[in-house]
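J.: Structure in structure tokens, see below.
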Amino acid sequence: MRLAESLERKGLRSVADLLFCFPREYEDFRDRRAIADLEADVAQTIVGEVIEVESKGGFGKSRVGVVVEDQTDALRAMWFNQAFMRDKFHPGQRVQFSGKPKRKGLRWEMVHPRVAWLEDTDDSAGEEGLLAVYSLTEGVSQHHMRRLVAAAVTAHADTPTEVLPAPLRDQYGLPGLADALRWIHAPRNEAQRDTARRRFIFQELLVLQLALAARRLQHRLGFRAPELAVDRQLDARIRRLFPFELTAGQEKALAEVATDLALDTPMNRLVQGDVGSGKTVVALYALLACVANGYQAVLLAPTEILARQHAATLASLLKVSRVRSRLLVGGLAEREKAEVRAGLVAGDIDLAIGTHALLQEKVRFAKLGLAVIDEQHKFGVRQRAALRQGQHSPHYLVMTATPIPRTLCMTQFGDLDVSVLDGLPPGRQPVSTYVVRPAEASRWWEFVRKALRDGRQAYVVAPLVEESDATAAASVEESLRALAEGELADFRLGLLHGRMNASDKDAAMEAFRLRETQVLVSTTVIEVGVDVANATIMTVVSPECFGLSQLHQLRGRVGRGMHAGYCGLLVPEEPAEAALQRIEAFAATTDGFALAELDFRMRGPGDLFGERQSGLPPLHIADLARDGEVLVEARNAAADLFATDPGLKHPDHAALRRQMLRRYGASLDLGDVG
């Protein structure tokens, strides 16, 4: 009963759960030798019987030795400062040790070998070479998991319904389900292991790609959007508002957006570009095209700071136009919010700029034609759907200044068409980046002081709002105190972080824009969108706490005016080697797309975007950073299936359809597709 409860905590409630609880890794015991035939400093495996267990020393200085012998010789295994190992062995046990042996006097010795207690496992598992290792939970040992899974595979590997049609398996060289289940849990060699894993990775990614294709199809067939035509006259009127020449990337994106807006099916387009690539121009073009066609438009931003900045930018550009725009954010007085909501439902407001406050149920629109969403990963599928009213949908244009790795574009953003802005507008200044070690910190601060005396401004960013016992990373409040009393004592410093109320945040940003403060000491609340042309220096304290894409966003806050930008990364006394490699890689390039791919490989998708709101279930066996080639195959296969059988209504595809709807029906709001 206790084992059943432990298994349920791990989500294992049925035989099917056991069959599809895949190993996290495998122990390779194929180079199995008699003790007498061992070779020094080469990974090998021996099997023997425990004849002696010894333990010496106390806490912090313990040593456990276990002597085993086979028919040819004896070997001692040693564990240092792991006194608990003493209780795991007793004379007469049959055990398997894997490691690199060394000769100590007349006897072979292994230090901290991997162990399999063969009396507790199926002996044949080790004999065949690759032994499955499962993720565990309290109360469940590897012994229990191996026994339970082996029993489930033996009795029921042929029971689950095959999901992948035979032609598809043949096309991509995939084994049938029963063979794949046997091979993934008890492979006789790498070929069986890798073939089985590839089949399940392909299947998992295929089901996701089918769900995304179904969502695209449902969006195209199930909803009608207004046709927002952009003729030459309207195009010229909008372009007159931009006092600069557009880049080739911007021109291409504008053409794609204009084509989408003219259709009666909702645009669903993602515009991604490097820091400073000019995404706001594309957004403004779409917003004004919508309003000119007699429809309302909204611009959604993830923070009040960014929403207010967008509102100020639009107000400046539209000061001679008849476009009626209003701001709706959480920090407004309730009376003002009610006034904006009334104006939206009455059609008295053409353009609304705001935060999640625009997504509340009580916000209704008279005639919504377009939603532009800044920083797409902060919103997600459900937040977009909240703006839809009945079968009428606005066009959607979503933007991100965080370049997205290709595999993420095909998964988390796979229901969107993608435009890429890959050039920087004229006038953007280069940003030089430096890794500043403790011994060089005084020189860096002298450089900062000189720039401030020359009339420039600077940011200092720390990862924490307050000091924490859990980490030695710097806090923004401690950084402010230290700088005010030390390196920047002669200058005017301001403070900005996410826990401040809206009015205090606005006051801090306004003081910085007006140059009343020379240095803004902040958390990553300034990461996206904040634009002060006179700020030329970014100092990041404890950069090891940030992802590369986040550092790139911070670096993008400088070099936005007439003067070159500089970014200093103040590393701690002895940073971890992996962290230092990441920071040095960041300093070596300003290519945001290359950094995004590197960050993705090193840290994974979760760290790239933090807590996403799309609600997609996690992948069980596929790894987007590792399985990019299989993902491309799965995407192609999904496209082929939907081209020949939209909605997967053919009987051969019924199992795939059921699995797609069971896995993603709720998270992607999939109804009856096709």
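J.: Name the one entry in Leu551, Leu520 that is crowded, with 17+ Cβ neighbours inside 10 Å, part of a strand (DSSP E or B), in contact with a helix residue (DSSP H, G or I) (Cβ under 7 Å, 6 or more places away or on another chain) and not acidic (Asp, Glu). Step through it out loud before you land on a result.
T.: Numbers: Leu551 fails: part of a strand (DSSP E or B).
Going through Leu551, Leu520 in turn, the sole match is Leu520.
J.: Out of the range 493-517, which residues are assigned to a helix (DSSP H, G or I) and among the acidic types (Asp, Glu)? Full working, then the answer.
T.: In the first step, residues of the range 493-517 are kept if they are assigned to a helix (DSSP H, G or I); the result is 502-513.
Selection gives Asp504, Asp506, Glu510.
J.: I need a count of the residues in the range 138-192 that are outside any helix (DSSP H, G or I) and touching a strand residue (DSSP E or B) at 6+ places or on another chain (Cβ under 6 Å). Reasoning before the result, please.
T.: Quick first cut of the range 138-192, residues outside any helix (DSSP H, G or I) only: 138-141, 157-165, 173-176, 186-189.
Checking the rest, the ones that are also touching a strand residue (DSSP E or B) at 6+ places or on another chain (Cβ under 6 Å) come to 187.
So the count comes out to 1.
J.: Restricting to the range 22-31, name every residue that is over 24 Å from the mean Cα position of the chain (by Cα) and touching a residue at least 40 places away in the same chain (Cβ under 8 Å).
T.: Filtering the range 22-31 for residues over 24 Å from the mean Cα position of the chain (by Cα) gives 26-31.
Residues satisfying the conditions are Tyr26, Glu27, Asp28, Phe29, Arg30.
J.: Test Gln296 against the criterion of being in contact (Cβ under 8 Å) with a residue 24 or more places away in the chain and over 27 Å from the mean Cα position of the chain (by Cα), and give yes or no.
T.: Working: in contact (Cβ under 8 Å) with a residue 24 or more places away in the chain: yes; over 27 Å from the mean Cα position of the chain (by Cα): yes.
The answer is yes for Gln296.
Yes/no per residue for (1) modelled with pLDDT under 80; (2) surrounded by 18 or more Cβ atoms within 10 Å (Cβ to Cβ):
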position	(1), (2)
Arg582	no, yes
Ala588	no, no
Asp591	no, no
Pro646	no, no
Lys649	no, no
Leu661	no, yes
Gly665	no, no
Asp669	yes, no
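J.: So for the range 336-346 (the condition being farther than 24 Å from Pro226 by Cα and hydrophobic (A, V, I, L, M, F, W, C)), does at least one residue qualify?
T.: Looking through the range 336-346, at least one residue is farther than 24 Å from Pro226 by Cα and hydrophobic (A, V, I, L, M, F, W, C).
J.: Moving on to the next point. Do you know which of the residues in the range 70-85 that are more than 19 Å from Ala40 (Cβ to Cβ) and of a type outside the set (A, V, I, L, M, F, W, C) is surrounded by the fewest Cβ atoms within 10 Å (Cβ to Cβ)? Give the steps one after another, and end with the answer.
T.: If we filter the range 70-85 for residues that are more than 19 Å from Ala40 (Cβ to Cβ), which is where we start, we get 71, 79-85.
Remaining after also requiring of a type outside the set (A, V, I, L, M, F, W, C): 71, 81-82.
Working: Gln71: 9, Asn81: 12, Gln82: 13.
Here the answer is Gln71.
J.: May I ask you to list the residues in the range 4-30 that are loosely packed, with under 13 Cβ neighbours inside 10 Å and closer than 27 Å to Gln192 by Cβ?
T.: Gly11, Ser14, Arg24, Glu25
J.: With the structure loaded, tell me whether Ala213 is surrounded by fewer than 17 Cβ atoms within 10 Å (Cβ to Cβ) and either outside the structural domain of Leu130 (by TED's automatic domain parsing) or in a helix (DSSP H, G or I) (or both) or whether it fails that test.
T.: Numbers: surrounded by fewer than 17 Cβ atoms within 10 Å (Cβ to Cβ): no; either outside the structural domain of Leu130 (by TED's automatic domain parsing) or in a helix (DSSP H, G or I) (or both): yes.
No; evaluated as a whole, the condition is false for this residue.
The values are calculated or read from the model by the stated rules, or taken from the named source; none is laboratory data. Quick caveat, the model's predicted, so the values are computed rather than measured. Here Cβ is always computed from backbone atoms with ideal geometry, including for glycine, and neighbour counts include all displayed protein chains.
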